[in-house]
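Heads up: the structure comes next, in C-alpha cells.
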Amino acid sequence: MRNLIYADDMDIPLIETLVSLAGKIMDSPGEYCEKMKGKKLATLFFEPSTRTRLSFEAAMLELGGSVLGFSDAAQSSATKGESVADTLRVVSFYADICAIRHPKEGSALVAAGASSIPVINAGDGGRQHPTQTLTDILTISREKGRLTNLTIGMCGDLMFGRTVHSLVKTMSLFKGVRFVFVSPKELVVPDYITAELKRAGVPFIETRNLEETIGQMDILYMTRVQRERFFNEEEYLRLKDAYILDKQKLDGAKKDLAVLHPLPRVNEISTEIDDDPRALYFKQAMYGKYIRMALILYLMEAV
Ligand code: NCD
C-alpha cells in the first residue's frame, strides 16, 4: 500500500500491524525518534483542522523528520484556480509524503493519482477520514482490549460525518460487531453504507432515541452536526442540538462504556461528564499522534 485514501484500503492484518506498531512507539519512543531523519511531510490543508494537522506534524517531528505545508486554502494557489492534481505534482518535488484535507469528496484520490509520493487522506468533504478511524481503532483496542464482539453506538450527524463512514466500514470487518445508529431522520447513515452492511450480514439498528438504546452499547461514538456541509443554515440550527450526552443519559449506560468523539465538540457532549472515567475523547486525540507515527513509518517503508 502506497497511499491511504479510503477505509477500504485497510484490512485486518494492516490494522493489526499499525495498532501494534503504535503500541511499540508508545512504549519506546526513543527507538523511533530518528527514523524519519532527513524526510519531509507536507500537510496540505484546504479545510480547517486542529487535531488532524497538528497530530500529523507532531508525529513527523517526533520521528525526527520535518514538516512543511499550509493550513488554509486561502494561503495556497487554490485561490488562483490551481487544481489539486497540479499542486500534488509540484509538492512531490518538495516532500517525501503528504497528508491532504479538502472540502471536495474524491480530492484525495485525485491527489494520489497525480502524486509521486505517498498520499494520506486527512478528510475529503463528507466522504471519509481514514486516519481518524485508525485513531478510533487504536483507542478501542487499548481501552476495551478488543476489536471484536462490540455493540457500537453512533450518534449525531451520521449523514455528513465522514469519520462515521470510515469507522463503520472498518469496524464491520471485525467479528461480532453490531451497530446502533442514533440520528434525526434528516441525518441518517447514507444508503450505500447500510446496503453494504446488509450485504456483509453485519447487524445494525437505526433509531431516533439515545436514552432507550445507550444501555446496549460498549462504545458510544458522538459526533458534531457538520454545519459546513448543510445547504441551509435554518436546517442546521434546527438539528444542531438534537442529541446532548449528559450525566442523566450516561446514568443509563454500562459501567465500562467508552464514550468517543473525533472532536471538535460543540454542544453534543455536556462538559459535566468530562471527568467521568468513561469519557475517553481527549485520550483518543492523544492516541491520534501515535497511530499517525505508525502510519508514516509504514507508508515510508521504514518499519
Ligand atoms: C473530524 C473531521 O474533520 O471530520 N474532526 C477531526 O478530524 N478530528 C470531525 C468533525 O469535524 O466533526
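I'd like the orientation of helix 130-144 relative to the chain: the angle between its Cα long axis and the longest Cα principal axis, in ° from 0 to 90, rounded to 10. The angle comes out near 50 degrees.
Compared with the dominant principal axis of the Cα atoms in the chain, helix 162-171 is inclined by about 80°. In this structure, the pairs whose alpha-carbon distance is over 19 Å, taken from LYS198/LYS249; LYS40/LYS289; LYS80/LYS104; LYS24/LYS283, are LYS198/LYS249.
Counting neighbouring beta carbons within 10 Å and listing from fewest to most, the residues PHE160, PHE204 come out as PHE204, PHE160. Its Cα centre serving as origin, the chain has a Cβ charge dipole (Lys and Arg +1, Asp and Glu -1) of approximately 460 debye. Placing unit charges on the Cβ atoms only, positive for Lys and Arg and negative for Asp and Glu, gives the range 1-66 a dipole magnitude near 340 debye about its Cα centre. Comparing PHE282, VAL91, ALA73 along the charge dipole axis of the chain, the residue lying farthest to the positive side is VAL91, per the Cβ-charge model. Who wins for biggest fluctuation among LEU18, LEU147, LEU237 in a Gaussian network model of the chain, springs between alpha carbons below 10 Å? Of LEU18, LEU147, LEU237, the Gaussian network model singles out LEU237 as fluctuating most. Helix 12-27 and the longest principal axis of the C-alpha atoms of the chain enclose an angle of approximately 80°.
Across q = 0.10 Å⁻¹, the chain modelled as identical point scatterers on its alpha-carbon atoms has Debye log10 I(q)/I(0) values of -0.54, in the order of the q list. Counted by Cβ distance under 15 Å from THR131, the other residues give a net charge of +2, where Lys and Arg count +1 and Asp and Glu count -1.
If R0 is 35 Å, what FRET efficiency do you get for LYS104 and VAL303 from their C-beta distance, rounded to 0.05?
It comes to 0.65.
Just so you know, all these numbers are worked out from the coordinates, no wet-lab data involved. Everything quoted here is computed from the prediction, not taken from an experiment. Reconstructed Cβ throughout: ideal geometry from the backbone, glycine too, with neighbour counts over all protein chains shown.
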